[in-house]
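Data block below; observations after.
The values are calculated or read from the model by the stated rules, or taken from the named source; none is laboratory data. Since this is a predicted model, take the numbers as computed values, not measurements. Don't worry about glycine lacking a Cβ; one is built from the backbone with ideal geometry, like all the others, and counts go over all protein chains shown. For accessibility, only protein heavy atoms count, side chains too; no ligands or nucleic acids. Shrake-Rupley method; radii C 1.70, N 1.55, O 1.52, S 1.80 Å.
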2 protein chains.
Amino acid sequence: MSAGVNLKELAAELKLSPSTVSRALNDSYEISEETKKKVVSMAEKLNYQPNPFARSLRENKSKTIAVVMPERMSSFFAKVIDGIEEVTQQHGYHLLVYSTHEDVEREKKIVNLLMNGRADAIVMSVSSQTSDISHLTRLHDRGFPLVFFDRICPDIPTTKFITNDYESSFEGTKHLIQQGCRKIAFLMLSKELSITKERYRGYLDALKSAGLSPEPSLHITCAHEEEKNIEAIRNMLLSKERPDGIVSSVEKLALATYHAVKRTDIKIPEDLKIISFFSNLSIAGLLTPSLTTITQPAFSIGEECAKMLIKKLTKPRQPDLPNQVISIPSKITIRSSTIAV
Amino acid sequence: MSAGVNLKELAAELKLSPSTVSRALNDSYEISEETKKKVVSMAEKLNYQPNPFARSLRENKSKTIAVVMPERMSSFFAKVIDGIEEVTQQHGYHLLVYSTHEDVEREKKIVNLLMNGRADAIVMSVSSQTSDISHLTRLHDRGFPLVFFDRICPDIPTTKFITNDYESSFEGTKHLIQQGCRKIAFLMLSKELSITKERYRGYLDALKSAGLSPEPSLHITCAHEEEKNIEAIRNMLLSKERPDGIVSSVEKLALATYHAVKRTDIKIPEDLKIISFFSNLSIAGLLTPSLTTITQPAFSIGEECAKMLIKKLTKPRQPDLPNQVISIPSKITIRSSTIAV
DNA sequence: TATAATTTCGAAAACGTTTCCGTATTTAAA
DNA sequence: TTTAAATACGGAAACGTTTTCGAAATTATA
């Protein structure tokens, strides 16, 4: 491992004290322009790189933000992180990224590890197993900057970024009804999740306002293995109460539905219409038939999370992150899977 | 922000010196079992969390590994990172993740930032623009632990993890030929990339061994926007030299091909057969027709990268990372897109 | 019993920054 | 001309660990 010069050596080379060099590099007003020039040019010549740990130790901040999310293999989360990175990188921040794999125990472990100050803030989307949120409240109670996105904890008084889950789901369901559906299924992740609650509520209200009543056997909760999901959906599709429409509150289950349909002789959209929350637009257009989607503004959500945190972390005397829910609307794109025939 | 006790305060509480407490917590042989118990239990009681920066500064290591890759929105890279995380997490390492967005300037910036020791090692897959590799050689020359995967730099003498690109491409092309294709196109990312070179070579050799000759107009290089790719492929499909088979060396271009085909009346596999390097298996089976794939062992590649680095970083006197290319075979799964008709 | 070895712990240095404090020199104000 | 303020820098402490060195107390050896 190579050394590289440190501040003391750089100072010796310049015949200046370390304090002066440090101040010169940090553009302090106490240093003359002349010596600043000298210091900067020598620093470049010797390729001086400040030690981030010494700096973190002294300043008590790491210039690092942690992202904790349930999975990586999802275009939604990938885009959110891209959005976060876009703004944090401009401010010289680094990103620690963790996947909980939908496992609350892993989530707890990660959060507890992060409590030691390795990161200056956390942006988080909870696992589908997370119902006990004591590890997160503890974090927040300690004054640790924390924002949520998508899968939020409503009870923790901090800033949360979501899409208009209720309205999108309502509109999506309404769209199915307008296209003639009368028995509409709802596919979801764990019922604990904020997003499923909201989307479920939107779905129910849309049914109600159309005079339709929900059918419990048409409400499917996500299992861990894809194959199980496919079979559960297939069974529903072949059951007595078979639906003529599906609202999927999560990308994964829309794909599982297409798999399930492939194993039957059901035709989309003739026998079954489907709309889904979905982020991978390229794929949505490629499915047969192409899928009507509710697209969440993933990149923007990431950007907004990051902006909020950067402001909190870089401005001098910022108040706590306000207890508010910021909603960025989704966009419904109608494709073939919901065309009335 | 909350404090939490530090070592000195913990020591004061125990009426011991900081050095003793430190040694007790690190299970040093110099400390009696009795005081170890006391220290550990008090540490738990006060929820003592060692400051990672003080530790990093003192020990000159960060327990952090950086991952630098060209994009996040790819199931291949997502799976690789999952694999890396799987083993690093077990050893208490953290992951800094960076996306270059296929931009070599961003890649350089990131690599230069990492030179200051924020991470103990880097696992890297270069951008498609990367031809000048001086930023990477400099890193390696300084003795910085560095491994490559997938898109490697052959000229940097360190460990690289790839799949059997040449053979897979050869076999994939051969498969098309066996299914009756005679004019086979090749879709690729930048020609600079190790993977395209190898896969292209496999493709060419397969053509040659079948007595076929390559047609330059059937070799398409990836552009930045998806739409451009789709149009380029569509133009090729409608040109005079239209192919009856396609080998796509990258997932993105297989999807672009399906988009392009949708805009013509060409039928897969009747008029055109296609095979592609592809990681998103669920999607591959859902495309119409389902796509014959060459699946890289993404998760394993990630695991192996991490294992190699962990060994280097945790064992006491390890030699430099050996200059070798480790290949983990891909798996070809034949689906409908290459069925002879 | 005297000496050597072992066990168990403490004091202090070190890691590389930033910043508080002090001070010499120069410039402005009285 | 005398005093006050501004400018430009150095010395040293501090951040929270780990570890080197040393030493006291205990145990084993001669």
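To keep it simple, each residue is scored yes or no on (1) under 14 Å from the mean Cα position of the chain (by Cα); (2) part of a helix (DSSP H, G or I).
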| residue | (1), (2) |
| --- | --- |
| A:80 | yes, yes |
| A:85 | yes, yes |
| A:107 | no, yes |
| A:111 | no, yes |
| A:117 | no, no |
| A:122 | yes, no |
| A:130 | no, no |
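Residue check: is residue A:251 touching a residue at least 60 places away in the same chain (Cβ under 8 Å) and touching a helix residue (DSSP H, G or I) at 6+ places or on another chain (Cβ under 9 Å)? Can you show your working first?
Details: touching a residue at least 60 places away in the same chain (Cβ under 8 Å): yes; touching a helix residue (DSSP H, G or I) at 6+ places or on another chain (Cβ under 9 Å): yes.
Yes.
In segment B:44-64, what residues are touching a residue at least 12 places away in the same chain (Cβ under 8 Å) and near DNA strand C (Cβ under 9 Å from one of its atoms)?
Within segment B:44-64, just B:60 meets the criteria.
Please return the ranges of strands (runs of 3 or more DSSP E) entirely within segment A:192-305 where 1 or more residues are open to solvent by less than 60 Å² (accessible area, probe 1.4 Å) and under 23 Å from residue B:289 (Cβ atoms).
Ranges flagged: A:273-277, A:292-295.
Of these, B:41, B:17, which one is more than 14 Å from every other protein chain (Cβ to nearest Cβ), small (Gly, Ala, Ser) and within 9 Å of DNA strand C (Cβ to nearest atom)?
B:17
Of all residues in segment A:20-38, how many are near DNA strand C (Cβ under 8 Å from one of its atoms) and either without any contact (Cβ under 8 Å) to a residue 12 or more places away in the chain or touching a Gly at 6+ places or on another chain (Cβ under 8 Å) (or both)?
Total satisfying the criteria: 4.
Within segment A:132-178, how many residues are under 18 Å from the mean Cα position of the chain (by Cα) and farther than 30 Å from residue B:4 by Cα?
Looking only at that region, the number is 7.
For segment B:77-109, enumerate the residues that are surrounded by fewer than 21 Cβ atoms within 10 Å (Cβ to Cβ) and more than 9 Å from every other protein chain (Cβ to nearest Cβ).
Answer for segment B:77-109, where residues must be surrounded by fewer than 21 Cβ atoms within 10 Å (Cβ to Cβ) and more than 9 Å from every other protein chain (Cβ to nearest Cβ): B:86, B:87, B:90, B:91, B:102, B:103, B:104, B:105, B:108.
Considering only segment B:155-169, how many residues are open to solvent by 20 Å² or more (accessible area, probe 1.4 Å), in contact (Cβ under 8 Å) with a residue 60 or more places away in the chain and more than 12 Å from residue B:200 (Cα to Cα)?
Number satisfying all stated conditions: 3.
Among the residues of segment B:322-341, what is the count of those that are of a type in the set (A, V, I, L, M, F, W, C) and farther than 17 Å from residue B:268 by Cα?
Of the residues in segment B:322-341, 4 are of a type in the set (A, V, I, L, M, F, W, C) and farther than 17 Å from residue B:268 by Cα.
Quick one: in segment A:264-284, of everything that is farther than 23 Å from residue A:174 by Cβ and within 11 Å of chain B (Cβ to nearest Cβ), which residue is modelled with the lowest pLDDT?
A:282
Looking at segment B:170-177, can you tell me whether even one residue there is on the phi < 0 side of the Ramachandran plot, free of Cβ contacts under 8 Å to residues at least 60 places away in the same chain and either in contact with a helix residue (DSSP H, G or I) (Cβ under 6 Å, 6 or more places away or on another chain) or open to solvent by less than 10 Å² (accessible area, probe 1.4 Å) (or both)?
Yes; the residues of segment B:170-177 include at least one that is on the phi < 0 side of the Ramachandran plot, free of Cβ contacts under 8 Å to residues at least 60 places away in the same chain and either in contact with a helix residue (DSSP H, G or I) (Cβ under 6 Å, 6 or more places away or on another chain) or open to solvent by less than 10 Å² (accessible area, probe 1.4 Å) (or both).
For segment A:48-69, which residues satisfy the criterion of being open to solvent by 60 Å² or more (accessible area, probe 1.4 Å) and either more than 8 Å from chain B (Cβ to nearest Cβ) or among the aliphatic types (A, V, I, L, M) (or both)?
Across segment A:48-69, the qualifying residues are A:55, A:57, A:58, A:59, A:61, A:63.
In segment B:13-44, what residues are over 40 Å from the mean Cα position of the chain (by Cα), small (Gly, Ala, Ser) and either open to solvent by 70 Å² or more (accessible area, probe 1.4 Å) or within 7 Å of DNA strand D (Cβ to nearest atom) (or both)?
Within segment B:13-44, just B:19 meets the criteria.
Would you pick out the residues in segment B:271-297 that are of a type in the set (A, V, I, L, M, F, W, C) and over 18 Å from residue B:237 (Cβ atoms)?
Across segment B:271-297, the qualifying residues are B:277, B:278, B:281, B:283, B:284, B:286, B:294.
Would you confirm whether or not segment B:288-304 contains a residue that is of a type in the set (A, V, I, L, M) and in contact with a His (Cβ under 9 Å, 6 or more places away or on another chain)?
no
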